[in-house]
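Written below as structure tokens is the structure these notes are about.
The values are calculated or read from the model by the stated rules, or taken from the named source; none is laboratory data. Note that the coordinates shown come from a computational prediction; the quantities given were computed from them, not determined experimentally. Quick reminder, even Gly has a Cβ in these numbers, built from the backbone with ideal geometry, and neighbours come from all protein chains shown.
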């Protein structure tokens, strides 16, 4: 596992160099066992040579074709080159507070939160705010499986505020009749009630033409109306009794109130 080069002790797994053999041995027991990650797909490996073989077989990097323009070190991909770029001084985005510079505007924006104290990421469940998105993601785990929103009216509990708010409408009756002020838990209920004021009768009987305010009133009427217009002999006069006649057509199409 050890290669000696100019009196340096070189780890054959990861390429690190050490002055003393004892340092190399310690490295083998600790750092060298840490995972090495492929920057292209994120897969991790224990040995550097395993990563090289992975790059050749999976990503087709048979040789290191990409090099750093400053130090000429070679890499398998441009992604590796960009990750290596420790030489560049091109950092156009500077923090006005502390003077620290960054390569990317997003890096500066994230850094500036340290000075401003701004917390742009808000938890929709408990309204707690955070500076960074990873903090919010970590915080959200406390809500999973924990139902912290309980209805004071019926005792039902919820783990998401949006579901709790929707449920509360069943108690608070947010839909109000603009004519008499009576409130309802749903818009369809309020619209049905409003017909008592307007006199609207949207349900006509297809046999006699009489109209009704509610569908249940039409249903009760239709049974009588069909019996009168279709006597016991049946509509065809073939002797078919009423109780075996086909049912009347549906009151209204799907979606109509």
Which residue pairs have Cβ atoms under 6 Å apart, sit 6 or more places apart or on different chains, and have a first residue in segment 27-55 that is more than 19 Å from residue 80 (Cα to Cα) and a second that is at pLDDT below 75 and exposed (fewer than 14 other Cβ atoms within 10 Å of the Cβ)?
-> none
Determine whether segment 156-164 contains at least one residue that is without any contact (Cβ under 8 Å) to a residue 12 or more places away in the chain, assigned to a loop (DSSP other than H, G, I, E, B) and touching a helix residue (DSSP H, G or I) at 6+ places or on another chain (Cβ under 8 Å).
-> yes
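Restricting to segment 208-240, name every residue that is over 26 Å from residue 178 (Cα atoms) and modelled with pLDDT of 80 or more.
208, 209, 210, 218, 219, 220, 221, 222
Based on what the data block shows, is residue 213 in contact with a helix residue (DSSP H, G or I) (Cβ under 6 Å, 6 or more places away or on another chain) and surrounded by 15 or more Cβ atoms within 10 Å (Cβ to Cβ)?
Working: in contact with a helix residue (DSSP H, G or I) (Cβ under 6 Å, 6 or more places away or on another chain): yes; surrounded by 15 or more Cβ atoms within 10 Å (Cβ to Cβ): yes.
It is true that residue 213 is in contact with a helix residue (DSSP H, G or I) (Cβ under 6 Å, 6 or more places away or on another chain) and surrounded by 15 or more Cβ atoms within 10 Å (Cβ to Cβ).
So which of 147, 201, 119 ends up being part of a loop (DSSP other than H, G, I, E, B), modelled with pLDDT of 80 or more and under 23 Å from the mean Cα position of the chain (by Cα)?
119
Return the total of residues in segment 98-140 being under 30 Å from residue 166 (Cα atoms) and touching a strand residue (DSSP E or B) at 6+ places or on another chain (Cβ under 6 Å).
The initial filter retains those residues of segment 98-140 that are under 30 Å from residue 166 (Cα atoms), namely 119-140.
Imposing the further condition that a residue be touching a strand residue (DSSP E or B) at 6+ places or on another chain (Cβ under 6 Å) reduces the set to 119, 121-122, 129-130, 133, 136.
Of the residues in that region, 7 qualify.
Within segment 48-72, take every residue that is in a loop (DSSP other than H, G, I, E, B) and exposed (fewer than 13 other Cβ atoms within 10 Å of the Cβ) and give me the one that is modelled with the lowest pLDDT. Working first, answer last.
First, pick out the residues of segment 48-72 that are in a loop (DSSP other than H, G, I, E, B): 59-65, 68-72.
From what is left, the residues that are exposed (fewer than 13 other Cβ atoms within 10 Å of the Cβ) are 60, 62-63, 65, 69-72.
Working: 60: 68, 62: 61, 63: 69, 65: 74, 69: 70, 70: 67, 71: 71, 72: 76.
Taking the candidates together, the pick is 62.
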